[in-house]
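Take a look at the structure below.
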Amino acid sequence: MALSKSLPSGQVPMLCQMCEESSEIRWKCLLCDFLLCTKCQKLHKKVKSTDQHTIIDIKDIGTYQQEVSNPPDINNAPCSVHNGQNCCLFCQTCEEVICPLCILHAHKTHKMIGLAEGYKSTLKAVKDFHTEVEENILQTVKGLSKLGLRETYKKSKYESERQTILDRERVLKNEVEKHTQNILTEFDHQRDFFKKSVQDEQNRSKNIKKDLEIRRESLGHTLSQNKAYEVFSLFKQERALRAVGKQEVKQAITKFKGLPKYVPGKQPFLETQHGELIELKDENEQDTFEFQVLQKFKTKLPIVDDAVWCEDATLWISYFFLKRYRRYN
């Protein structure tokens, strides 16, 4: 309101005829006869029901009107086959402009129309070609977008699957280390048992050896004295020992239960113990998405034909007969 008061009468800035908010008018839709701001111009082009409308910069309105009022000179189109001849008709059969000589030599029986009508149909075909190219570009862009999404998804999937493989590797390593530790513990236990058995037998044999050495010294001393009394006495002692079996010397035990031998598993490492890579029957089955309703809006429109979501988080909707768009934040 302050802006309108500061301007002289008759100079109130015109608002965009679509959003009725912005005064920065830069575009015009020739079919709707709407003056548009840049934001609404982009929105207008996105809507399917208006994607064939001609929208031009307001600076080019004069040039466009001049082109409309001054159509191209189709009567002086030179023939591409016969030099010096101008085309006079349009051959619908061959879909090309022709001169009088062309008619005589190759197009006598063909269906022909005037140049103006032929130009009109050709111009429409060229515009259709342009629309087709635009549609192909749009489809290509959509394809690139899908490829980007697939690449992002596959990258995430790769990292996830790779981490799963590494996690499985850690589990197997832990299991192998645990089993190895159990084997080593049992092996150490049997080694200690063997070591103790040998040590006990060594101690017993040393005691026997010590007793035998004492008896040998006693017998040797008696024999060296050459005394009959001591010989009879020692003989009596030795005979008594033999009578009760104490003179019997048990030989040292040299055979023990040996240490076990480690035998590596003969069965090769199986894929079932770690896992394997499998090809999915339908690679796209993982790329399915499920949409959820996050927010609902109420509108008085009987039907919503078009809906466009903008980068500024606004939603524009329209009904065909309304010829205007409504914004929802």
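The values are calculated or read from the model by the stated rules, or taken from the named source; none is laboratory data. Because the structure is a prediction, the values reported are computed rather than measured. Cβ: placed from backbone, ideal geometry, glycine included. Neighbour counts: every protein chain shown.
If you go through the stretch 229-239 one residue at a time, do you hit one that is part of a loop (DSSP other than H, G, I, E, B), loosely packed, with under 10 Cβ neighbours inside 10 Å and at pLDDT 70 or above?
Scanning the stretch 229-239, I find no residue that is part of a loop (DSSP other than H, G, I, E, B), loosely packed, with under 10 Cβ neighbours inside 10 Å and at pLDDT 70 or above, so the answer is no.
Across the stretch 282-309, what is the total count of residues that are modelled with pLDDT of 70 or more and either at positive phi or within 32 Å of the chain's Cα centre (by Cα) (or both)?
Selection size over the stretch 282-309: 8.
Which one of the conditions (1) among the aliphatic types (A, V, I, L, M); (2) more than 30 Å from N86 (Cα to Cα); (3) free of Cβ contacts under 8 Å to residues at least 12 places away in the same chain does I165 fail to meet, given that it meets all the rest?
Here I165 clears every test but (3).
Residue-wise test of (1) part of a loop (DSSP other than H, G, I, E, B); (2) surrounded by fewer than 14 Cβ atoms within 10 Å (Cβ to Cβ); (3) free of Cβ contacts under 8 Å to residues at least 12 places away in the same chain.
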position: N83; (1), (2), (3): yes, yes, yes
position: F90; (1), (2), (3): no, no, no
position: C102; (1), (2), (3): no, no, no
position: H110; (1), (2), (3): yes, no, no
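Just the residues that are acidic (D, E) and surrounded by 11 or more Cβ atoms within 10 Å (Cβ to Cβ), please, taken from the stretch 199-228.
Scanning the stretch 199-228 gives D200, E201, D211.
Inspect all residues belonging to the stretch 264-275 and state whether any of them is at pLDDT 70 or above, within 30 Å of D192 (Cα to Cα) and either assigned to a helix (DSSP H, G or I) or not charged (D, E, K, R) (or both).
Yes, that holds for at least one residue.
Condition first: modelled with pLDDT under 70 and exposed (fewer than 14 other Cβ atoms within 10 Å of the Cβ). Now tell me which residues in the stretch 37-59 satisfy that.
Correct list: K48, S49, D51, Q52.
If you check T122 against the conditions, is it part of a helix (DSSP H, G or I) and in contact with a Phe, Trp or Tyr (Cβ under 8 Å, 6 or more places away or on another chain)?
yes
If we scan the stretch 144-155, do we find a residue that is among the aromatic types (F, W, Y), assigned to a helix (DSSP H, G or I) and more than 30 Å from V263 (Cβ to Cβ)?
Scanning the stretch 144-155 turns up at least one residue that is among the aromatic types (F, W, Y), assigned to a helix (DSSP H, G or I) and more than 30 Å from V263 (Cβ to Cβ).
In the list L101, L138, which residue meets the criterion of being more than 17 Å from P72 (Cβ to Cβ) and not assigned by the TED database to the domain that holds C88?
Of L101, L138, the one residue that is more than 17 Å from P72 (Cβ to Cβ) and not assigned by the TED database to the domain that holds C88 is L138.
Could you figure out which of (1) farther than 18 Å from L277 by Cα; (2) loosely packed, with under 11 Cβ neighbours inside 10 Å; (3) not basic (K, R) isn't true of G118?
So G118 meets the others, but not (2).
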